[in-house]
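The values are calculated or read from the model by the stated rules, or taken from the named source; none is laboratory data. Keep in mind that what you see is a predicted model, and the values were worked out from it rather than measured. In this analysis, Cβ positions are derived from the backbone assuming ideal geometry, glycine residues included, and neighbour counts consider all displayed protein chains.
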Amino acid sequence: MTRLVKRKKASRMHGRGMGTHGGGARKKRKKSGHKGGIGMSGTGKRADHKKTLILNLYGHDYFGKQGVTSRGTKRDTRLRINLFDLMNHLDKYAKKTKDGYEINLPKYKILGTGEVKEKLTVNCLEASKVAIEKIEAAGGSVTVKEVKEIITPLVEHPKKKKE
């Protein structure tokens, strides 16, 4: 009786020959095909080898382009905080005074999401209109740091003289 299922060469050729088990050169049998060595080699952004491993380790942002902001465009790096977060973490951001709470966030912009239940005295870089309204409605006050705009004067080019 003949076997219908042929065993793999690796299981039939223990210790026979130079150790390639009929796979040709040794370099052809490094793990899965020609995908490089054992680690992350051969994965590449375009190769899609070991894709499930990469997605599990690094997430879905690994493949493809993620976009580039042109060098002329300045990213908005202002720090922002919502009223909701301020009220939930008053012990972290505020000092308790006899008039209420005093919050000093000189680098933050205060945004208006959330409710104000306490009397707040806020010192900040900026604040939205809604945030100011809500804080003042609760009996508090907002002091916004004044940002001076730098205006460069138009200077005529020295070589171009008007006649």
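Kindly check whether there is at least one residue in region 56-72 that is in contact with a helix residue (DSSP H, G or I) (Cβ under 9 Å, 6 or more places away or on another chain) and surrounded by 13 or more Cβ atoms within 10 Å (Cβ to Cβ). Yes, region 56-72 contains at least one residue that is in contact with a helix residue (DSSP H, G or I) (Cβ under 9 Å, 6 or more places away or on another chain) and surrounded by 13 or more Cβ atoms within 10 Å (Cβ to Cβ). Collect the residues in region 92-128 that are farther than 13 Å from V142 by Cα and surrounded by fewer than 15 Cβ atoms within 10 Å (Cβ to Cβ), keeping them in residue-number order. The answer is K92, K95, K96, T97, K98, D99, K107, T113, E115, K117.
Just so you know, in region 58-101 the residues that are among the hydrophobic types (A, V, I, L, M, F, W, C) and modelled with pLDDT under 85 include one that is nearest to the chain's Cα centre (by Cα), and it is V68.
Within region 79-91, can you find the residues that are surrounded by 10 or more Cβ atoms within 10 Å (Cβ to Cβ) and either among the charged types (D, E, K, R) or touching a Ser or Thr at 6+ places or on another chain (Cβ under 6 Å) (or both)? Listed by number, the residues that qualify are R80, N82, F84, D85.
If you check G24 against the conditions, is it exposed (fewer than 13 other Cβ atoms within 10 Å of the Cβ) and at pLDDT below 75? Against the criterion (exposed (fewer than 13 other Cβ atoms within 10 Å of the Cβ) and at pLDDT below 75), G24 qualifies.
Determine if region 55-77 includes at least one residue that is of a type in the set (K, R) and not in a loop (DSSP other than H, G, I, E, B). No, because not a single residue in region 55-77 is of a type in the set (K, R) and not in a loop (DSSP other than H, G, I, E, B).
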